[in-house]
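Here is the structure we will look at, set down as structure tokens.
The values are calculated or read from the model by the stated rules, or taken from the named source; none is laboratory data. All values reported here derive from a predicted model rather than from experimental measurement. Quick reminder, even Gly has a Cβ in these numbers, built from the backbone with ideal geometry, and neighbours come from all protein chains shown.
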Ligand SMILES: Nc1ncnc2c1ncn2[C@@H]1O[C@H](COP(=O)(O)OP(=O)(O)OP(=O)(O)O)[C@@H](O)[C@H]1O
Ligand SMILES: [Mg+2]
């Protein structure tokens, strides 16, 4: 595992919580997220990546039913339940929630952290087992899973909180996001609609020192200026018609945390001035008040219109633009990183068939090929909607296939499989070995694409037919059944 595991602790007693957190955080270097209620625990599960959840049951903490739901929605999360001193463990915990382990109050931090450690180890073993069985299964189901002749095992997808990706481009963006999370600077996230800007903002928050404080989201598009100012900065009673009582404002409510300003390109010039003042001095003025107040929040702003060109057109303040982009994260469109399509499609297929308690097996190679050729103007959101729809249409025990794809996607032109030229495709220690491995891949790819028409392949490769036959023999290439 390339990152520390994340443990969500939802305990009522402050003292027990503090002792356990200290142990998990300092001794084991887990990333710890805290929830003070069952509802908060559910929100965190939706927003952040969690490996194990430890939750109280009883006295207003519905830990058992939270874990029972979790088993359906996020079965990969290890579930640990903390029961009152005396009560029976209850059949429910054991059967419906299928907890990994239960503990008793008062919690012994030492014992609890050991259970957490073992639970995470068990999960890691299960994950490796799954990966291995999947690799073995590929040879059985080659006809379903193989992407034509040039089939290669896809690299395992990477995660940054809730973001799934395999592409170099996303990997670079997430690396920069991880770095920026550790600072207090404002972050500007840009990218087309549906590329995952909000998901990235949440990932940054949960990887920052502010993660124990709230992340509050404000969509700045389509709101009258006065309303937006009062939402964010608050107002005094009577500041405007309808302001019947004082309002705290998002910035104060998120004190210590993060405020995510979505569609920042849409705000008025006067709002831009207020925001700039806040970014410069940390000060803000509630509407109708003459006192300035301060708030300690990190700003993350997002836009799907490129701010730079709005600045050039005089529609957005240059000084504010420079303030906002302490870090600038550009989320690439899905069509510019087609490698991510298959990884995301499989992730969504598993996610939605689990959420609907269905047993869809996966996606056929030809459906993946079609999806990869499509240009997804709505980006990841569109892909997710397509896959969700396909899961609904597919029977248990079947694969999602081209039959379930809409015409618009079927109409997309399938690009001939290209040889990925990353170092992963080339094996061997010495230059000679590497060159040979590349040659073998090129010959195999060309033959596969031309359906083993050897004279056309020889033509394309600039070889004689005999020359090609020699290479086929030398590398032991075989036309797969
Ligand atoms: N890399 C990813 N892995 C998993 N899910 C993703 C990824 N990128 C996007 N999604 C999903 O796609 C949907 C759209 O993502 P999100 O809302 O973050 O996009 P956005 O860039 O903010 O879009 P908009 O500009 O329209 O507001 C969400 O359901 C999100 O969970
Ligand atoms: Mg968004």
Against the condition at pLDDT below 85 and outside any helix (DSSP H, G or I), how does residue 76 come out, does it pass? no
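Kindly indicate the residue of region 330-350 that is within 16 Å of ligand 2 (Cβ to nearest atom) and buried (at least 22 other Cβ atoms within 10 Å of the Cβ) and also nearest to residue 204 (Cα to Cα) among those meeting that condition. Show your work before the answer.
Of all residues in region 330-350, those within 16 Å of ligand 2 (Cβ to nearest atom) come to 330-334.
Then keep just the ones that are buried (at least 22 other Cβ atoms within 10 Å of the Cβ); that gives 331, 334.
Details: 331: 14, 334: 20 Å.
Per the stated criteria, the residue is 331.
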Kindly establish whether residue 294 is more than 15 Å from ligand 1 (Cβ to nearest atom) and either in contact with a strand residue (DSSP E or B) (Cβ under 9 Å, 6 or more places away or on another chain) or under 30 Å from residue 372 (Cα atoms) (or both). yes
Count, please, the residues in region 209-225 that happen to be in contact with a strand residue (DSSP E or B) (Cβ under 7 Å, 6 or more places away or on another chain) and away from ligand 1 (no atom under 14 Å from the Cβ). 4
Within region 209-252, work out how many residues are within 16 Å of ligand 2 (Cβ to nearest atom), more than 20 Å from residue 197 (Cα to Cα) and surrounded by 21 or more Cβ atoms within 10 Å (Cβ to Cβ). 0
Note on residue 156: of the conditions (1) at pLDDT 70 or above; (2) over 30 Å from residue 305 (Cβ atoms); (3) out of contact with any helix residue (DSSP H, G or I) (no Cβ under 8 Å at 6 or more places or on another chain), unmet is (3)
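Could you pull out the residue among 303, 289 that is within 16 Å of ligand 2 (Cβ to nearest atom) and either more than 32 Å from the chain's Cα centre (by Cα) or within 25 Å of residue 177 (Cα to Cα) (or both)?
Details: 289 fails: within 16 Å of ligand 2 (Cβ to nearest atom).
Being within 16 Å of ligand 2 (Cβ to nearest atom) and either more than 32 Å from the chain's Cα centre (by Cα) or within 25 Å of residue 177 (Cα to Cα) (or both) holds for just one of 303, 289, which is 303.
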Filter region 170-189 down to residues that are more than 10 Å from ligand 2 (Cβ to nearest atom) and in contact with a helix residue (DSSP H, G or I) (Cβ under 7 Å, 6 or more places away or on another chain) and give me whichever is farthest from residue 29 (Cα to Cα). 188
Could you tell me whether region 251-270 includes any residue that is at pLDDT 95 or above, over 18 Å from residue 321 (Cα atoms) and within 16 Å of ligand 1 (Cβ to nearest atom)? yes
Any residue that is in contact (Cβ under 8 Å) with a residue 60 or more places away in the chain and either assigned by TED's automatic domain parsing to the domain that holds residue 27 or not in a loop (DSSP other than H, G, I, E, B) (or both) - is there at least one of those in region 121-136? yes
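Residues of region 300-317 being surrounded by fewer than 21 Cβ atoms within 10 Å (Cβ to Cβ) and within 26 Å of residue 234 (Cα to Cα), which ones? Give the derivation first.
The first filter runs over region 300-317 and keeps only residues surrounded by fewer than 21 Cβ atoms within 10 Å (Cβ to Cβ), leaving 304-306, 308-315, 317.
Once the filter is applied, which keeps residues that are surrounded by fewer than 21 Cβ atoms within 10 Å (Cβ to Cβ) and within 26 Å of residue 234 (Cα to Cα), region 300-317 yields 315, 317.
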Quick check on residue 265: is it assigned by TED's automatic domain parsing to the domain that holds residue 200, away from ligand 2 (no atom under 16 Å from the Cβ) and assigned to a helix (DSSP H, G or I)? no
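If you check residue 345 against the conditions, is it farther than 30 Å from residue 252 by Cα, within 13 Å of ligand 1 (Cβ to nearest atom), in contact with a strand residue (DSSP E or B) (Cβ under 9 Å, 6 or more places away or on another chain) and at pLDDT below 95? I'd like the intermediate steps shown before the answer.
Values: farther than 30 Å from residue 252 by Cα: yes; within 13 Å of ligand 1 (Cβ to nearest atom): yes; in contact with a strand residue (DSSP E or B) (Cβ under 9 Å, 6 or more places away or on another chain): yes; at pLDDT below 95: no.
So residue 345 does not fit the description; no.
Quick check, is residue 116 assigned to a helix (DSSP H, G or I) and under 17 Å from residue 67 (Cα atoms)?
Working: assigned to a helix (DSSP H, G or I): yes; under 17 Å from residue 67 (Cα atoms): yes.
The answer is yes for residue 116.
How many of the residues in region 1-36 are assigned to a loop (DSSP other than H, G, I, E, B) and at pLDDT below 90? Steps first, please.
Taking region 1-36 and keeping what is assigned to a loop (DSSP other than H, G, I, E, B), we get 1-5, 11-13, 28-30, 36.
So of that shortlist, the ones also at pLDDT below 90 come out as 1-4, 12-13, 28-29, 36.
Result for region 1-36: 9.
Under the condition of being outside any loop (DSSP other than H, G, I, E, B) and in contact with a strand residue (DSSP E or B) (Cβ under 6 Å, 6 or more places away or on another chain), which residue from region 300-325 is farthest from ligand 1 (Cβ to nearest atom)? Give the derivation first.
So in region 300-325, the residues outside any loop (DSSP other than H, G, I, E, B) come out as 300-303, 307-312, 318-324.
Now narrow it down to the ones that are in contact with a strand residue (DSSP E or B) (Cβ under 6 Å, 6 or more places away or on another chain): 300-303, 324.
On the way: 300: 11, 301: 12, 302: 6, 303: 8, 324: 16 Å.
Within region 300-325, the match that is farthest from ligand 1 (Cβ to nearest atom) is 324.
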If residue 40 satisfies all but one of (1) surrounded by 20 or more Cβ atoms within 10 Å (Cβ to Cβ); (2) in contact (Cβ under 8 Å) with a residue 24 or more places away in the chain; (3) not in a loop (DSSP other than H, G, I, E, B), what's the number of the condition it fails? (1)
Which residue, of 313, 302, is in contact (Cβ under 8 Å) with a residue 12 or more places away in the chain and either on the phi > 0 side of the Ramachandran plot or assigned by TED's automatic domain parsing to the domain that holds residue 176 (or both)? 302
